[in-house]
Amino acid sequence: MAPIPPEIERYAEEHTTPHDELLAELARETYASMDCPQMLTGPVEGRFLQTLVHVAGARRVLEIGTFTGYSALSMAAALPPGGRLDTCEVSETHAEVARRYFARSPHGDRITLHMGPANETIPRLDGEFDVVFVDADKTGYPEYYELVLPRLSARGVIAFDNTLQDGRVLEGGELDESTRAIAELNDRLVRDERVVVAFLTVRDGVTLVRRSA
Ligand SMILES: C[S@@+](CC[C@H](N)C(=O)[O-])C[C@H]1O[C@@H](n2cnc3c(N)ncnc32)[C@H](O)[C@@H]1O
């Protein structure tokens with residue numbers, strides 16, 4: 001079940017500021033050459049993440065799950081001079097594409113790509129994060145949550161992607177491992193008194209989490 005009807009998705013995209021030519025080229029290459037191109041966030045969610053970085057006045061962004069670099073480049077464009085984005089990736093095939101586009105972007109020098117499992121990379125990074133975008137292996141989300149929550153700046157926000165799992169989180173019965181992990185996290189987040197949660201039906205579900213006052 002696609003959570004949002006395709007014609008609504010199309011309408012939203014038509015009424016979102018289009019991506020620039022570099023991101024358009026990146027999207028074309030990703031769709032032409034990658035096994036799961038739909039992992040790329042795309043224009044609507046890309047602009048959403050960029051706006052989040054902008055309104056948060058973020059100087060430090062952490063991304064978990066680079067893929068070919070679309071969301072990293074979208075967010076980096078909203079960083080102020082001196083701002084930094086750290087992004088974590090395990091696949092050299094994906095990272096090779098991302099690196100090429102980071103090198104061509106005027107914002108690419110703000111991005112550091114860390115190869116290796118995110119749960120090993122995050123503890124090695126210094127400081128606090130203003131925006132964290134979690135978009136990697138779904139079974140890892142609970143661990144990423146506990147790793148990044150103590151590292152969130154006072155006004156920081158975590159955005160979890162794919163929290164609808166194509167609507168499968170609503171299904172009863174036997175769930176696949178990723179959907180079960182996400183469904184359990186969704187239930188846990190809304191009960192967690194440490195945080196305030198806004199569950200958005202953007203694309204495949206984006207859950208925003210910030211610290212409680
Ligand atoms: C959904 S894609 C990310 C999409 C990307 N944010 C974008 O907008 O184009 C998920 C990525 O996470 C990577 N990944 C999977 N497990 C990981 C892990 N344990 N640590 C870091 N990256 C991981 C995958 O190789 C894949 O490239």
Just checking, does region 159-174 include any residue being surrounded by 18 or more Cβ atoms within 10 Å (Cβ to Cβ), assigned to a helix (DSSP H, G or I) and on the phi < 0 side of the Ramachandran plot? yes
Would you mention how many residues in region 79-124 are of a type outside the set (Val, Ile, Thr), within 19 Å of ALA56 (Cβ to Cβ) and buried (at least 21 other Cβ atoms within 10 Å of the Cβ)? 4
Being within 14 Å of the ligand (Cβ to nearest atom), at pLDDT 95 or above and on the phi > 0 side of the Ramachandran plot is the requirement here; does PHE102 meet it? no
Could you tell me whether any residue of region 125-140 is assigned to a helix (DSSP H, G or I) and surrounded by fewer than 18 Cβ atoms within 10 Å (Cβ to Cβ)? yes
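Could you tell me which of the residues ALA98, ALA136 is touching a residue at least 24 places away in the same chain (Cβ under 8 Å), within 15 Å of the chain's Cα centre (by Cα) and closer than 29 Å to ALA154 by Cα? Reasoning before the result, please.
Values: ALA98 fails: closer than 29 Å to ALA154 by Cα.
Of the residues listed, the single one that is touching a residue at least 24 places away in the same chain (Cβ under 8 Å), within 15 Å of the chain's Cα centre (by Cα) and closer than 29 Å to ALA154 by Cα is ALA136.
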Output yes when any residue across region 65-78 is open to solvent by 60 Å² or more (accessible area, probe 1.4 Å) and hydrophobic (A, V, I, L, M, F, W, C), and no when none is. no
Subset of region 54-68 [away from the ligand (no atom under 11 Å from the Cβ) and within 12 Å of the chain's Cα centre (by Cα)]: VAL61, LEU62
Any idea how many residues of region 8-64 are in contact with a Gly (Cβ under 8 Å, 6 or more places away or on another chain), part of a loop (DSSP other than H, G, I, E, B) and open to solvent by 20 Å² or more (accessible area, probe 1.4 Å)? 2
With criteria (1) more than 12 Å from the chain's Cα centre (by Cα); (2) assigned to a helix (DSSP H, G or I), SER71 comes up short on (1)
Test THR112 against the stated conditions and say whether it is assigned to a helix (DSSP H, G or I), closer than 23 Å to LEU40 by Cβ and among the polar types (S, T, N, Q). no
Taking interchain pairs and intrachain pairs at least six residues apart, which have beta carbon atoms under 8 angstrom, with the first residue in region 62-83 and aliphatic (A, V, I, L, M) and the second part of a loop (DSSP other than H, G, I, E, B) and within 11 Å of the ligand (Cβ to nearest atom)? ILE64/ASP135; ILE64/ALA136; ALA72/THR66
If I filter region 31-44 for residues that are modelled with pLDDT of 95 or more and more than 13 Å from the ligand (Cβ to nearest atom), do I get at least one hit? yes
Are any residues in region 181-207 open to solvent by less than 60 Å² (accessible area, probe 1.4 Å) and assigned to a helix (DSSP H, G or I), and if so, which ones? ALA181, ILE182, ALA183, LEU185, ASN186, LEU189
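The values are calculated or read from the model by the stated rules, or taken from the named source; none is laboratory data. Just so it is clear, the structure is predicted and the values come from calculations on it, not from any experiment. Backbone-built Cβ (ideal geometry, glycine too); neighbour counts: all protein chains shown. In case anyone asks, the SASA skips ligands and DNA or RNA and just uses the protein heavy atoms, side chains included. Shrake-Rupley method; radii C 1.70, N 1.55, O 1.52, S 1.80 Å.
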